[in-house]
Ligand code: NAD
């Protein structure tokens with residue numbers, strides 16, 4: 001299983017190597033096998049990428065929005081045509097089952113490019129009537145934007161960031177997570193094939209130091225990071241110290257509230273999607289599942305039954321529903337949280353083990369796990385685990401659950417299951433979260449803005465909102481009479 005790319009980086013429309021950079025081993029999480037070997041960017045590579053972006057940006061920004069959009073639209077078509085190959089790369093890079101990557105990764109990247117290809121031409125400034133004189137605003141690109149990715153949705157993150165940035169007339173340099181460097185290179189080739197001029201989308205590999213070098217470089221106008229809260233604080237601080245624009249898409253510990261009148265099968269389905277998809281490595285997961293007390297036991301018994309039926313195994317088998325975690329350290333971290341849940345007194349309702357499967361003995365698998373009897377103070381209810389570990393907490397009243405749901409530093413997402421739609425709207429109106437679902441969970445269509453409140457982030461991706469975050473307003477005052485000067 002060798003998916004070695006032609007070179008580590010993609011700059012100015014071609015693959016570039018610099019073996020002087022530290023080695024980056026790419027591991028298939030299901031087997032622990034090395035599938036590619038890349039190099040982190042040296043300072044020279046960082047310079048080359050930013051310089052290529054700076055040189056290409058001006059001419060790109062002068063194209064009409066529909067002309068830029070046409071190229072993005074072609075890239076969307078190519079992503080869809082190659083979905084099968086791209087999904088395989090993503091499965092090998094992340095360990096996520098092919099059943100998921102076929103529908104959630106390159107497909108979502110294609111949706112983003114298609115959406116921004118069309119939307120950008122309609123994203124304009126405004127006319128301001130000043131009673132004779134008038135004003136108008138222009139939406140201008142920022143210049144060179146940098147994206148830094150996490151490892152759970154590599155090509156989706158690369159496209160969700162670069163799509164709107166390029167549509168608005170910016171140039172882009174993307175640093176994928178050091179754990180998942182492959183699919184961004186495939187996206188770069190697709191952009192070139194779709195007709196994107198050289199230098200507008202560049203990929204450089206590396207660890208946090210490469211990310212920091214990109215952010216602090218004088219050419220960079222903006223950074224958009226997807227990552228954990230501690231990394232977000234560092235990157236936001238660095239961007240602030242250089243007065244750069246910043247978008248932070250960070251972690252969470254989101255609440256999912258199930259009222260007694262909910263359709264329980266749907267609520268259980270939502271809770272499972274919001275905890276076990278991508279082996280639980282989803283930022284917006286509803287890991288604190290609050291269930292109203294009089295349906296609690298019914299909810300738990302059916303949840304356990306359905307969780308036990310999840311098929312875990314070979315991620316390339318289309319029938320497999322759950323793969324391994326990203327790497328050894330994430331595996332160890334999740335197993336530590338499971339131990340903490342037990343020692344703090346939660347009840348392990350199902351799962352909790354690291355299974356060994358024939359042919360996958362060195363994979364980083366953890367069973368889908370449900371804890372009941374969880375209280376708000378336990379670490380498993382307060383800290384982001386980023387693994388397949390669901391905490392079920394019982395509650396009695398609406399006011400109580402809203403207070404408890406909001407009692408966290410995070411604010412990425414929240415969900416409510418109820419048949420009483422007045423209550424659904426009333427409750428989401430009080431939840432401190434950037435994205436809320438009523439009778440659904442973890443759906444993130446590109447048309448709807450996505451992002452966090454509180455420590456979970458700043459700025460938004462998707463929707464028309466993100467175009468604002470990749471542009472700056474210029475206000476223009478136009479005089480139609482004489483200048484009234486006292487001098
Ligand atoms: P991470 O914070 O460890 O790393 C994220 C990226 O930041 C990586 O590319 C890393 O190399 C880079 N980085 C690390 N230190 C840096 C520094 N000082 N300067 C610049 N760049 C630096 O996150 P991860 O483990 O890759 O991903 C998991 C986290 O991402 C979870 O917390 C998850 O919730 C979050 N996440 C958020 C979203 C969202 O949209 N809100 C989506 C996916 C994942």
Subject >> Boolean, residue 82 is away from the ligand (no atom under 16 Å from the Cβ), closer than 30 Å to residue 363 by Cα and at pLDDT 95 or above >> reply: yes
**OP:** Can you confirm whether region 170-185 contains a residue that is closer than 22 Å to residue 467 by Cβ and more than 16 Å from the ligand (Cβ to nearest atom)?
**Re:** yes
Original post:
When region 244-272 is examined, which residues are found to be within 24 Å of the chain's Cα centre (by Cα), more than 13 Å from residue 437 (Cβ to Cβ) and outside any helix (DSSP H, G or I)?
Top reply: 244, 245, 246, 247, 248, 249, 250, 251, 252, 253
Subject >> Test result for residue 230, assigned to a loop (DSSP other than H, G, I, E, B), surrounded by fewer than 18 Cβ atoms within 10 Å (Cβ to Cβ) and modelled with pLDDT of 95 or more >> reply: no
**OP:** Answer with yes or no whether residue 11 is at pLDDT 95 or above, surrounded by 15 or more Cβ atoms within 10 Å (Cβ to Cβ) and under 15 Å from residue 200 (Cβ atoms).
**Re:** yes
**OP:** May I ask you to verify whether residue 41 is buried (at least 22 other Cβ atoms within 10 Å of the Cβ), at pLDDT 95 or above, assigned to a loop (DSSP other than H, G, I, E, B) and touching a helix residue (DSSP H, G or I) at 6+ places or on another chain (Cβ under 7 Å)?
**Re:** yes
Subject >> Scan of region 96-142 for residues that are surrounded by 14 or more Cβ atoms within 10 Å (Cβ to Cβ) and touching a strand residue (DSSP E or B) at 6+ places or on another chain (Cβ under 7 Å), ordered by number >> reply: 97, 123, 125, 128, 134, 135, 136, 137, 139, 140, 141, 142
**OP:** Just one of (1) farther than 29 Å from residue 402 by Cα; (2) out of contact with any helix residue (DSSP H, G or I) (no Cβ under 6 Å at 6 or more places or on another chain) trips up residue 366, so point out which.
**Re:** (2)
Subject >> Scan of region 125-158 for residues that are away from the ligand (no atom under 13 Å from the Cβ) and either in a loop (DSSP other than H, G, I, E, B) or under 15 Å from the mean Cα position of the chain (by Cα) (or both), ordered by number >> reply: 125, 126, 130, 131, 132, 133, 142, 143
Subject >> Only listed residue being under 26 Å from residue 29 (Cβ atoms) and in contact (Cβ under 8 Å) with a residue 60 or more places away in the chain, chosen from 291, 282, 300 >> reply: 282
Original post:
Looking at region 278-294, which of its residues are out of contact with any strand residue (DSSP E or B) (no Cβ under 7 Å at 6 or more places or on another chain) and more than 16 Å from the ligand (Cβ to nearest atom)?
Top reply: 294
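The values are calculated or read from the model by the stated rules, or taken from the named source; none is laboratory data. What you see is a predicted model, and the numbers here were worked out from it, not measured in a lab. All Cβ positions, glycine included, derive from the backbone under ideal geometry; neighbour counts span all protein chains shown.
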